Amino acid sequence: MHNTFSKKERLCSQKAIDELMAQGTKFFSHPFMVRWHTLPKDAETPARLLIIVPKRRLRHAVDRNRTKRLIRECYRQQKHKLYAFLNEQNTSIDLSLSYADNNLPDYHTLWDKTEKILDRLMSEIEKSQTEPEQ
């Protein structure tokens, strides 16, 4: 697998974003609010990502852009675990990471937090796949 973050892996469609916000499952893992929504396997990629850094949290555009760039980089380098898991589960997801801290993050902190989020996300997906439909 290539260690890239292509256009196909980004969540850009307004319809898909609205569906994720309305129907997605969410959890909070400091400093991120994570929303995810499972899709049928016929999607182009196993996961599509939306990164949100609100102006309310970081006032300067420079800080927001840097934070988004760091989050993208951490995800890009760790997504192989998530992709392997999703291929094994024969599913795909839309994923949103909303930064919810007022301070600028450093790379190593984001790396650790992203790793924890991906691990928790995989356990949440596995739990939702094994629960009986109601």
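The values are calculated or read from the model by the stated rules, or taken from the named source; none is laboratory data. Note that the structure is a prediction, hence the values are computed from the model and not measured. A quick note on method: Cβ atoms are made from the backbone with ideal geometry, for glycine too, and the neighbour counts reach across all protein chains shown.
For this structure, a couple of remarks:
- Taken over region 77-111, the residue count meeting the criterion of being within 17 Å of Pro40 (Cβ to Cβ) and of a type in the set (Phe, Trp, Tyr) is 2.
- Candidates in region 82-104 are the residues that are of a type in the set (Ser, Thr, Tyr) and within 13 Å of Val53 (Cβ to Cβ); of these, the one that is surrounded by the fewest Cβ atoms within 10 Å (Cβ to Cβ) is Ser98.
- Region 46-57, subset surrounded by 16 or more Cβ atoms within 10 Å (Cβ to Cβ) and outside any strand (DSSP E or B), residue modelled with the highest pLDDT: Val53
- Flag if Asp119 is touching a Pro at 6+ places or on another chain (Cβ under 6 Å) and of a type in the set (Asp, Glu): no
- Scope region 21-59; condition aliphatic (A, V, I, L, M) and farther than 19 Å from Tyr75 by Cα; matching residues: Met21, Ala22, Leu39, Ala43, Leu58
- Of the residues contained in region 101-109, none is found to be assigned to a helix (DSSP H, G or I), charged (D, E, K, R) and free of Cβ contacts under 8 Å to residues at least 60 places away in the same chain.
- Evaluation of Lys127 against (1) over 20 Å from Glu9 (Cα atoms); (2) at pLDDT below 95; (3) not in a helix (DSSP H, G or I) (one fails), failing number: (3)
- A single entry from Arg35, Arg59, Arg66 fulfils the requirement of being out of contact with any strand residue (DSSP E or B) (no Cβ under 6 Å at 6 or more places or on another chain) and closer than 22 Å to Cys12 by Cα: Arg66.
- So His60, is it closer than 19 Å to Phe5 by Cα and loosely packed, with under 14 Cβ neighbours inside 10 Å: no
- Considering Lys113, Lys79, Lys68, the condition of being touching a His at 6+ places or on another chain (Cβ under 9 Å), in a helix (DSSP H, G or I) and surrounded by 14 or more Cβ atoms within 10 Å (Cβ to Cβ) is satisfied by Lys113 alone.
- Of the listed requirements (1) surrounded by 11 or more Cβ atoms within 10 Å (Cβ to Cβ); (2) over 15 Å from the mean Cα position of the chain (by Cα); (3) in a helix (DSSP H, G or I), Ala22 misses just one: (1).
- The single condition from (1) modelled with pLDDT of 95 or more; (2) buried (at least 19 other Cβ atoms within 10 Å of the Cβ) that Gln14 fails is (2).
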